[in-house]
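See structure below.
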Amino acid sequence: MHSQNTKEGRVGSAGRQGRATFSVKFLTSMKGLLFTYLTWDIVEEAAQLSKVFQANFTTVTRVIVAVNNFKLRLLAMKKKNGQRLHHFLQQMEGNDSFSEITIVNGGNDVKEFEAKKQAVLDDILENVEERFGYLENDPVLKAAAVLDPDVWPKDQIELSTYGDAEIELLANYYEDHLLRAG
């Protein structure tokens, strides 16, 4: 392990050796590994959300669905560990080493982690709501969803009057721009 070699070999500056010591301590502790795997699971879910925002042809409806799916997957992690964390805990069951490295376990690390995990997920969910809450609450964005053909009714009679109020709201909102454009 690179950090272990830096720490033990006294390679580099005192600051670098200090960071290496911290890294070794963190990555050989049960608490550190639990948070590492939780973070990995969260980041993988966030990457899926990010891909929707980066897509060339995305719609407001798809973004709203992606944000809601992200929130639901985070909520699910409160009850059931993500795939990576679950796999790690299975590997550690009854073992005191991981990948041939002895892991320091304080005895209550998993129980303490569970409480902190809930708080971390709550904080992330709160941040997501602060960041993306407008997608569901903004009347113009709600109305813009009517422009997505994926959500149009299949029935021709329903389709004939679908979205009238939303189109009127959008037309009123963009009236100045539409008048200037001619």
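Quick note: the coordinates plus some simple rules give every number you see, no bench work behind them. Note that the coordinates shown come from a computational prediction; the quantities given were computed from them, not determined experimentally. Cβ coordinates were reconstructed from backbone atoms using ideal geometry, including for glycine residues, and neighbour counts include every protein chain displayed.
Descriptive notes on the structure:
- For Phe98, residues with placed amide H under 5 Å, excluding near neighbours: Ile103
- Considering only Gly32, Gly18, Gly133, the mean-square fluctuation computed in a Gaussian network model of the chain, springs between alpha carbons under 10 angstrom, is largest for Gly18.
- Measuring gaps between exposed loop sites in the chain (GluC sites (Glu not before Pro); DSSP loop; at most 15 other Cβ atoms within 10 Å), the longest gap, sites not included, is 1-92.
- Residue exposure sequence - Phe113, Phe98 - by fewest surrounding Cβ within 10 Å: Phe98, Phe113
- Across the stretch 31-103, Cα pairs under 8 Å and at least six residues apart give a relative contact order of 39 percent.
- Residues whose placed amide H lies under 5 Å from that of Thr58, excluding near-sequence neighbours: none
- Given Lys71/Lys142; Lys117/Lys142; Lys51/Lys117; Lys51/Lys142; Lys79/Lys154; Lys31/Lys80, the pairs whose alpha carbons are separated by over 29 Å: Lys117/Lys142; Lys79/Lys154
- Ordering Gly106, Leu75, Leu85 by the projection of their Cα atoms onto the charge dipole of the chain, which places +1 on the Cβ of Lys and Arg and -1 on the Cβ of Asp and Glu, puts Gly106 at the extreme positive end.
- Amide H partners (placed H, <5 Å) of Ser29, local residues excluded: Val104
- Placing +1 on the Cβ of every Lys and Arg and -1 on the Cβ of every Asp and Glu, with no other charges, gives the chain a dipole of roughly 1240 debye about its Cα centre.
- Each of Leu125, Leu159 was scored by other Cβ atoms within 10 Å of its Cβ. Arranged with the fewest first, they read Leu159, Leu125.
- Taking every Cα-Cα distance in the stretch 100-182 and sorting them into 5 Å bins starting at zero, the pair-distance distribution P(r) comes out as 3, 11, 11, 12, 11, 9, 8, 7, 6, 5, 6, 4, 4, 2, 0 percent.
- Each Cα pair under 8 Å and six or more residues apart adds its sequence gap; the mean of these over the residue count of the chain is a relative contact order of 21 percent.
- Read-out percent of Cα pairs over 27 Å apart, derived from the coordinates shown; its label in [x] 53; [y] 44; [z] 30: [x]
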